[in-house]
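Note sheet for the following structure.
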Amino acid sequence: MTGLWRSVLLPHRGRIALALSAAAVSAGIGLLTPYLVKVAIDDGIVAGDLDVLDTVALVYLLAVAVRFTANRVHGVVLASTAHAVLADLRVRVFGHLQGVALGDEGGGDPGTGVGQRLARVVNDVNSLGKALTESASTLVVSGVTLLGAATTLAVLDWRLAAATLVVVPVLVLLGARHQKASGPAWRGLRAAESTTTATTREVFATARTAQAFGREDEAAALVRSALDAENRAERRTVRLSATFFPAVELAGALVTAVVLGLGGGLVLAGDLEVGVLVAFTLYQRALFGPVMGVSDVFDTLQAARAGAERLRETLATAETTPAPADPVPLTPGPHPVRMRAVGFGYTPDRPVLRGVDLTVPAGTSVALVGPTGAGKSTIAKLALRLHDPDHGSVHIGSMDLRQVDPRSLRRTIGYVPQDFPCSPERSRTTSPTA
């Protein structure tokens, strides 16, 4: 997905950089406030200096105002940019699917039906959107906060800093194990969600047939099975999170207790100022907060990675009717339509048409009559070049359809399928003169 992300993100790189810079500024100001508390306690309250307190209060208010502005810029710019990026990505995926045969047409690979494609366009792109709007900012803020807090802890008191860093190897081990287990879990959940969407869509689409043959219970069982599988996959991710995040929180609480005990003893012995201990505990909270945030990002990124893999598979699917290298526009008609020795099947082992020869003179009307499955709709789709014949050729006028500009062809031919959800709004969209 690297190439795909690059193509959709590059047009918005300026706004993305602005949003992430604003997030970094907000994180930096957040690191300033504990130090202001230290100065207020040690140099203001303990020393009895009101001027210091007034100055610290003024600087604190200014910092809060700047942070508010930075957070607003970050939120507004990133949200609007993310929506634009996801819209571009959806258009790109949908545009690619326009040239890909769907399994619902009577053939194709399993999992390539309309329901599965809908799940890719909606669910998988949504998972990428969450990663873009939440994970990028969290990583920037967490990185700035972790680096700044760790550095400040070492500067304030190396003894307390050493006590705090003892827990780092434990956190690293917990994070590695969680990431290893959550990857397969989130990929399974994404697949289960897509299956539920596809199954529900396909059951609703065939509801009348199921009612006609009294198969409602079987249809309900299909949906129930898909929902049960999604529920099991969801519970797996929940169990992983419910184990990992409380463990990180417990580690942070234990370290805080150690620091308070050790720091309190140093304060009573006169080896540490009260303000330094208070500031240290605040910075320690700032240190463990990003650890929790980055850990949460792991789950979001795993979900996005699973969605990205599925989108990559979709975009790698070859187009059924690729545009010619040098498309020729169709001249104004009317034109005759000719099929010569046409053979076609939605799957290689089940041909629908064999050796079809058909000529429709220009300006005439022809009705194709035959039983269901005889290939009437297939001939119409071949005339529109929704598919290419496996054998033979289809001509409009003197031109092979494989040489004609697809847009020029489809502006010339009108096609109304037998099952078409027609509304006045859609009619006006399809034909401005309707």
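The values are calculated or read from the model by the stated rules, or taken from the named source; none is laboratory data. Quick caveat, the model's predicted, so the values are computed rather than measured. As a convention, Cβ positions derive from the backbone with ideal geometry for all residues, glycine included, and neighbour counts pool all protein chains shown.
Do we find a residue being free of Cβ contacts under 8 Å to residues at least 12 places away in the same chain and either part of a helix (DSSP H, G or I) or of a type in the set (S, T, N, Q) (or both) anywhere in the range 186-202? Within the range 186-202 (the criterion being free of Cβ contacts under 8 Å to residues at least 12 places away in the same chain and either part of a helix (DSSP H, G or I) or of a type in the set (S, T, N, Q) (or both)), the answer is no, since none of the residues qualifies. Of the residues making up the range 387-398, those that are out of contact with any Ser or Thr (no Cβ under 7 Å at 6 or more places or on another chain) and either under 19 Å from P348 (Cβ atoms) or modelled with pLDDT of 85 or more (or both) are P389, D390, H391, G392, S393, V394, H395, I396. For the range 219-248, taking the residues that are charged (D, E, K, R) and touching a helix residue (DSSP H, G or I) at 6+ places or on another chain (Cβ under 7 Å), the one that is farthest from R190 (Cα to Cα) is identified as R236. Among the residues making up the range 314-347, a single one is exposed (fewer than 12 other Cβ atoms within 10 Å of the Cβ), modelled with pLDDT under 75 and not aliphatic (A, V, I, L, M): P322.
Here the condition is being under 19 Å from R407 (Cα atoms) and of a type in the set (D, E, K, R); of D326, D349, it holds for D326 alone. Take the conditions (1) surrounded by 15 or more Cβ atoms within 10 Å (Cβ to Cβ); (2) under 23 Å from L132 (Cβ atoms); (3) modelled with pLDDT of 90 or more; R72 misses just one of them, which is (1). When I396, I379 are checked against the criterion of being under 22 Å from D326 (Cβ atoms), of a type in the set (A, V, I, L, M) and touching a residue at least 24 places away in the same chain (Cβ under 8 Å), a single residue qualifies: I396.
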